[in-house]
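Engineer: The structure that follows is given in the form of structure tokens.
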Amino acid sequence: MTNSTPAAVDVRCRVNGVDTTLSVEPRTLLSDALRHDLGLTGTHVGCEHGVCGACTVLLDGKSVRSCLMFAVEAQGAEISTVESLAPEGQPLSPLQKAFHEQHGLQCGFCTPGILMSLTALIREHPDAPDDEIALTLDGHLCRCTGYKNIVKAARAAMRA
Amino acid sequence: MSPHPNPPPQAGEGEPSRGRHVGHSIGRVEDERLLRGNGRYVDDIDLPRQLHAAFVRSQQANARIKAINIERARSAPGVALVLTGHDLGHLNKPLPLLGPNPALTHPKTQRPLATERVHYVGQTIACVVAETRYLAEDAASLVEVEYETLPAVVDLGTAGQVSQRVHDDVPGNVAGAIHDAIGDVDAAFKEAAYTEKLRLSIERSTASPIEPRGVLADWDRKLRRLQVWDSTQAPVAIKHGLAKMLALSQEQVDVTAPDVGGGFGTKIMLFYPEELVIPFAAKQLGRPVKWSEDRWEHFVSANQERGQIHDAEVAFDREGRILGVRTSFLHDTGAFIPYGIAVPANTSTHVIGQYRIKNYDVRATILYTNKPPVSPYRGAGRPHAVFVMERLICAVARRLGMEPHEVRRRNLIPTNEFPYDTGLHIDAPVRYDSGDYVKGFELALKHLDPAGFRKQQEKARKEGRYLGMGMGTYVEATGPAPYESCRAKVEESGRVIFDVAVASQGQGHQTTLAQIAADALGVEFDHVVVREGDASRVEDGIGTFGSRSLLLAGNAVAAAAGELKTQIAAYAAELFECAPGDIVIQRGRVHVAGNPARDVSLRDLAMMANPIGYPGERDGMVVGPAYGDALKRAKERPAAAPMFEARGYFGAGQQLYGSGVHAATVEVDPETGRVRMLKYIVVHDCGVIINPAIVEGQILGGVAQGIGGALLERLTWDESGQPQTTSFMDFRLPTVDDIPEVVLDHVETPSPLNPLGVKGTGEAGIIPASAVVAEAVEDALSPFGVHVSAMPLFPSDVKRLIREAG
């Protein structure tokens, strides 16, 4: 078997507060690097064309679609994934608790992406009005919940 | 987790049935793990030495394969294996047919990998297995397929008349036909004062769970065992099927449905080609092989549904009483019919719904087209039936100058006629076990306030705005046969484990079944563990579909709990020296009725019953097995089983009928054709409610899918059968802005056909949605003389309707 795979590139970044070096082909998607190279499988892949939002992570504080980025683009970046919201042994964050209390998730596949988008919103604009919450959620597809309880959870977390 | 404060939906008259846990919106046990990002979906699982598969799929809708050239793929970097149909040995034959039925005159299922003919764009032709998914996809693009193109059959309306054939040996593209009738419909139409006729159609849509499909298979060469993780709704069925197809014994095959990111019917098949090819590849290679579907693949090869065209007629009198209904319809089954006649059969039996119609005739012609196969998508043929009936109701109303809700009211089955036998029969009698359609209808009207709305509507019209209202009633057959089972045991920790064969894709069975178990046994919710999705634990059962899991598995859980209770009572009776009937189990403690102070925990009882259990404690020390006690007990009760372990089964013998009424108000902009949902009302009856929040969640999800299906979602193909909607950019799922205020209310008529009194409810949210939206839009645009007979309604469709009516 010939092996003409392009040489791996070292990507130095900080993932969930930990300095990390990824060794990836240039074409490796950030979503795949996070999920399979780092084992952070909380970030999910629903479409690979940037519409469903399930792959949303925070990059330098901003929500991004990790399926639309190459891992090499994360050189020097600070990345947060859903696993950072309630590290092992820590209780759920107020946002996560609100999702539980409002029955804001069913299959859980779209949930991590939504949690990250809302985390960014809460940090940037904790007093965001309803239409800004809706704008944030508009970039996420959920097929299970019909969104009502997700909105309730977001409001509960932000208005508490 | 203690019950959290979500109030249940506002109850109708009378209190809903409650236990300590049943009837309460207890927070889900599934949530913590999923919220932390610790869900484990198929693609999340990476095994050592794992390989990845990519499929080569047909680029043509109807063609002969002249050649498949895999040489370049085979020698591409990182490639371990390239499979075509010729490499599959005895598996190179049509996949199983679920639900064979005499109505299916020309059944066709696809081969796992096509070698001679392809019948839809997306059909599997070859499988490439390589070191990474990226390399597998690179290599897959190097496979060259030479086709001899044949004309494609795309349009359902003409599929039965065109000369081109989807299958060379199926004339007229007819897969089968259904006919059922009650009463004398010809006489009814002859004698009726009025008749109306409509041609109605619904176009294809697809469930689109956010997690696409996926299969990971691992063949252990040393142990000669196959382990499969499959994003499926029916792991037990897949296990049995794989064992048979791969000539393995059942105990050599383990199938797990891990966390599954939505199913809605799409993920229940026996099999998708990929579900067989991947385990086959793993067996060839002796290494794990994983296939993770991407979204484009899902759009071209995961099963779809909803395509039907009806010629429907209604006969009625001047009071609006319906004397007879006839419908003759075409059902698009796609290129193959692996799931049998389930969908059109459901349509056939659900048309008359809540109405007291004694003369009814339904004929269905099931047609092949060069499109992906059709199998149930939430609703599974019932939405079409409701659309037909409710459009006919509106035609009656229009003809007589009555409000549609008046016509409905006059035809509802009265409350004192339950159980109501419709006289219909497809595989099983269609008998409504319980219901109060009049009460549900009145509740819906209360929320809708038609008189108030008419005033609002008139005022808005004067301002040049077009508001409309619509309603739809439905029944929902739930709990398809035959049964589900449960295996339960008390651990020495005092926890009670319940294993079931169904699986969740978001329905929260681990929570709702635990609520049932906790109440049935008398233990704390936190001490119950429900396990599902693993076919090695319970093999008696099928899986999750047809709104059956809570109903069938829930009653099986209750039965197993009852059996455990009997065993516990028998043992405790010896301990307390009383009759077993005097034993009470409450909050996990066991005592004699009337003497709660002298009690023993279930945990201690389990320890005592099985002294071999360890580690135990004596005088503050951890001790090993108490052989002395065990020997003593063995002498006293030589044949007694030491552990509390039981099985439960439940089958209802027929489907159980949930029901409901939906209503909605909309505003339509005639300039843009855009329909804005204003309010959506759901009144539903699923019998006894186990967890109100979870039921609400199911309904809200269904409503959203229903609105999507009515206004946003349409799959299209060009005349050569090339799919045009293959991404979320082309196929628009509803987002948060598309869902209006939803008002939920319920009626509870327990089912007499199961001890829990429950009925299924998974599909309730979606069933009447298209009918409701169609009427609301028609009502809004009545000044323009618009009649709605086809769904979905894109803005362009609305504008066209206005133009054509003008």
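Engineer: Report residue B:527's accessible area, 1.4 Å probe, all protein chains in place, as a number in Å² to the nearest 10.
Structural biologist: 80
Engineer: Tell me, which residues of segment A:107-126 get at least 40 Å² less accessible area when the other protein chains come in, versus the chain alone (1.4 Å probe)?
Structural biologist: For segment A:107-126, once contacts with the other chains are taken into account, A:107, A:109 lose 40 Å² or more.
Engineer: Separate question: Report, as an integer, the average count of C-beta atoms from other chains found within 10 Å of each Cβ along A:93-103.
Structural biologist: Averaged over the peptide's residues, the number is 5.
Engineer: Also: Pop a pseudo-label 7 angstrom from the Cα along the beta-carbon direction at both residue A:92 and residue B:101 and give the gap in nm to one decimal.
Structural biologist: 4.2
Engineer: Show me, for segment B:566-574, the HN-Hα J-couplings you get by feeding each phi into the Karplus relation (A = 6.51, B = -1.76, C = 1.60, θ = phi - 60°), rounded to Hz, glycine and proline as x.
Structural biologist: Per residue, the Karplus-derived 3J(HN,Hα) values read 4, 5, 4, 5, 4, 5, 5, 4, 5 Hz.
Engineer: If I compute solvent accessible area with a 1.4 Å probe over the protein chains, what percent of it on segment A:25-99 is carbon and sulfur?
Structural biologist: Roughly 54 percent, rounded to a whole number.
Engineer: With a 1.4 Å probe on protein heavy atoms only, tell me which residues of segment B:736-771 lose at least 30 Å² of accessible surface in the complex relative to the chain by itself.
Structural biologist: B:736, B:737, B:739
Engineer: Lysines near residue A:97 by alpha-carbon distance under 21 Å, same-chain residues fewer than 8 away left out - which ones?
Structural biologist: Partners found: A:148, A:152.
Engineer: On to the next question. Could you compute the net charge surrounding residue A:7? Neighbours are other residues with a C-beta less than 14 Å from the C-beta of residue A:7; K and R count +1, D and E count -1. Walk me through the numbers on the way to the answer.
Structural biologist: Working: positive: A:27; negative: A:10, A:25.
Neighbourhood net charge equals -1.
Engineer: Short version: which residues of segment B:190-238 lose at least 50 Å² of accessible area, all chains versus chain alone, 1.4 Å probe?
Structural biologist: Residues shielded by partner chains are B:210.
Engineer: With the cut-off at 1.5 for a/c, could you classify the protein assembly as shown from its C-alpha gyration tensor as rounded, prolate or oblate? Walk me through the intermediate numbers first.
Structural biologist: Values: a/c = 1.42, a/b = 1.12, b/c = 1.27.
Note, shape of the protein assembly as shown comes out rounded.
Engineer: Also: If the cut-off is a Cα-Cα distance under 30 Å, which lysines reach residue B:222, setting aside same-chain residues fewer than 8 apart in sequence?
Structural biologist: Residue B:222 reaches B:93, B:239, B:244, B:283, B:290.
Engineer: For chain B, what % of the accessible area comes from carbon and sulfur atoms, probe 1.4 Å? Intermediate results must be reported in sequence, preceding the final value.
Structural biologist: Numbers: 14380 of 28750 Å².
After summing per-atom areas, the C and S share lands at 50 percent.
Engineer: Next question, about the same structure. Putting +1 on Lys and Arg Cβ atoms and -1 on Asp and Glu Cβ atoms, find which of B:370, B:610, B:134 reaches farthest to the positive end of the dipole of the protein assembly as shown.
Structural biologist: Projecting each Cα onto the dipole axis, the largest value belongs to B:370.
Engineer: Something else: How about segment B:698-806: which trypsin sites (Lys or Arg not before Pro) there lie in a loop by DSSP and see at most 14 other Cβ atoms within 10 Å?
Structural biologist: Loop-located and lightly packed - none at all.
Engineer: Could you provide, to the nearest whole Å², the per residue accessible area of segment A:20-92 with probe 1.4 Å?
Structural biologist: About 37 Å² of surface per residue is accessible.
Engineer: Can you give the relative contact order of chain B as a percent, counting alpha carbon pairs under 8 Å and 6+ residues apart?
Structural biologist: For chain B, the relative contact order is 16 percent.
Engineer: Take every DSSP beta bridge whose two residues both sit in chain A, then give the antiparallel share in percent to the nearest 5. Walk me through the intermediate numbers first.
Structural biologist: Details: 14 of 16 bridges.
Restricted to chain A, the bridges split so that about 90 percent are antiparallel.
Engineer: On full extension of the chain, what length is gained from residue B:155 through residue B:595, given 0.36 nm per residue of separation minus the C-alpha to C-alpha distance? Walk me through the intermediate numbers first.
Structural biologist: On the way: separation 440, 0.36 × 440 = 158.40 nm, distance 7.40 nm.
Fully extending the segment from residue B:155 to residue B:595 adds 151.0 nm.
Engineer: If you don't mind, another one. Across peptide B:695-702, how many C-beta atoms of other chains are within 10 Å of each residue C-beta, on average?
Structural biologist: The mean count of partner-chain Cβ atoms within 10 Å per residue comes to 5.
Engineer: Okay, next question. With all protein chains present and a 1.4 Å probe, how do B:106, B:331, B:787 order by accessible area, largest first? Walk me through the numbers on the way to the answer.
Structural biologist: Numbers: B:106 65, B:331 5, B:787 100 Å².
Ranked from most to least accessible, the order is B:787, B:106, B:331.
Engineer: Evaluate E = 1/(1 + (r/R0)^6) for residue A:12 and residue A:68, where r is the Cβ-Cβ distance and R0 equals 30 Å; express this FRET efficiency to the nearest 0.05.
Structural biologist: 0.90
Engineer: Which value, in Å², gives the accessible area per residue of chain B when a 1.4 Å probe is used on the protein heavy atoms?
Structural biologist: Spelled out: the 1.4 Å probe surface of chain B, per residue, equals 36 Å².
Engineer: Provide B:643, A:116, B:245, B:729 ordered by accessible surface of protein heavy atoms (probe 1.4 Å), highest first.
Structural biologist: The most accessible residue leads, giving B:729, B:643, B:245, A:116.
Engineer: Tabulate in residue order the Karplus-calculated ³J(HN,Hα) for segment B:381-393, using 6.51 cos²θ - 1.76 cosθ + 1.60 with θ = phi - 60°, rounded to whole Hz; enter x for Gly and Pro.
Structural biologist: x, 6, x, 5, 4, 5, 4, 4, 4, 6, 5, 5, 4
Engineer: Right, next: Compute the Cα gyration tensor for chain B, then decide on rounded, prolate or oblate, letting a ≥ b ≥ c be the square roots of its eigenvalues: rounded whenever a/c is under 1.5, prolate when a/b is larger than b/c in the other cases, and oblate in all that remain.
Structural biologist: On the way: a/c = 2.03, a/b = 1.20, b/c = 1.70.
In terms of gyration-tensor shape, oblate.
Engineer: Tell me, what is the FRET efficiency for residue B:641 and residue B:177 to the nearest 0.05, using R0 = 60 angstrom and their Cβ-Cβ distance as r?
Structural biologist: On the way: r = 54 Å, r/R0 = 0.90.
With R0 = 60 Å, the Cβ-Cβ based efficiency is 0.65.
Engineer: Can I ask one more? So which GluC sites (Glu not before Pro) in segment B:703-806 pass both tests, a DSSP loop state and at most 13 other Cβ atoms within 10 Å of the Cβ? List each step's numbers first, then the result.
Structural biologist: On the way: sites: B:713, B:719, B:741, B:748, B:763, B:775, B:778, B:804; in loops: B:713, B:719, B:748, B:763.
Answer in residue order: B:719.
Engineer: Ok, one more. Nearest 100 Å² is fine: what is the total accessible surface buried where chains A and B meet, probe 1.4 Å?
Structural biologist: By this definition, chains A and B bury close to 4700 Å².
Engineer: Under 8 Å for C-alpha pairs, at least 6 residues apart: give me the relative contact order for segment B:237-374, rounded to a whole percent. Present the calculation step by step, with values, prior to reporting the outcome.
Structural biologist: Values: 159 pairs, mean separation 29.6, N = 138.
With pairs under 8 Å counted, the relative contact order is 21 percent.
Engineer: Calculate the FRET efficiency for residue B:526 and residue B:428 from the Cβ-Cβ distance with a Förster distance of 25 Å, rounded to the nearest 0.05. If you can, show how the numbers build up before the last one.
Structural biologist: Numbers: r = 39 Å, r/R0 = 1.58.
Between residue B:526 and residue B:428 the formula returns 0.05.
Engineer: With unit charges on the beta carbon (Lys/Arg positive, Asp/Glu negative), name the residue among B:434, B:546, B:447 whose Cα is farthest towards the positive pole of the charge dipole of chain B.
Structural biologist: My answer, from the dipole projection, is B:546.
Engineer: Per-residue HN-Hα couplings for segment B:345-351, Karplus 6.51 cos²θ - 1.76 cosθ + 1.60 at θ = phi - 60°, whole Hz, x for Gly and Pro?
Structural biologist: 5, 4, 4, 4, 8, 10, 4
Engineer: Still on this structure, I have one more. Tell me whether segment A:1-64 comes out rounded, prolate or oblate; compute the Cα gyration tensor, take square roots of the eigenvalues as a ≥ b ≥ c, and use a/c under 1.5 as the rounded threshold.
Structural biologist: oblate
Engineer: With only Lys, Arg, Asp and Glu charged, each at its Cβ (+1 for the first two, -1 for the last two), find how big the charge dipole of chain B is about the Cα centre; round to the nearest 20 debye. All intermediate terms of the calculation are to be shown ahead of the outcome.
Structural biologist: Details: 85 positive and 100 negative charges, 103 e Å.
Around 500 debye, computed over chain B.
The values are calculated or read from the model by the stated rules, or taken from the named source; none is laboratory data. All of these numbers come straight from a predicted model, not from anything done at the bench. Glycine gets a Cβ as well: all are built from the backbone with ideal geometry, and neighbour counts include every protein chain shown. For the accessible areas, the whole protein counts, side chains as well, though only heavy atoms, and no ligand, DNA or RNA atoms are used. Shrake-Rupley method; radii C 1.70, N 1.55, O 1.52, S 1.80 Å.
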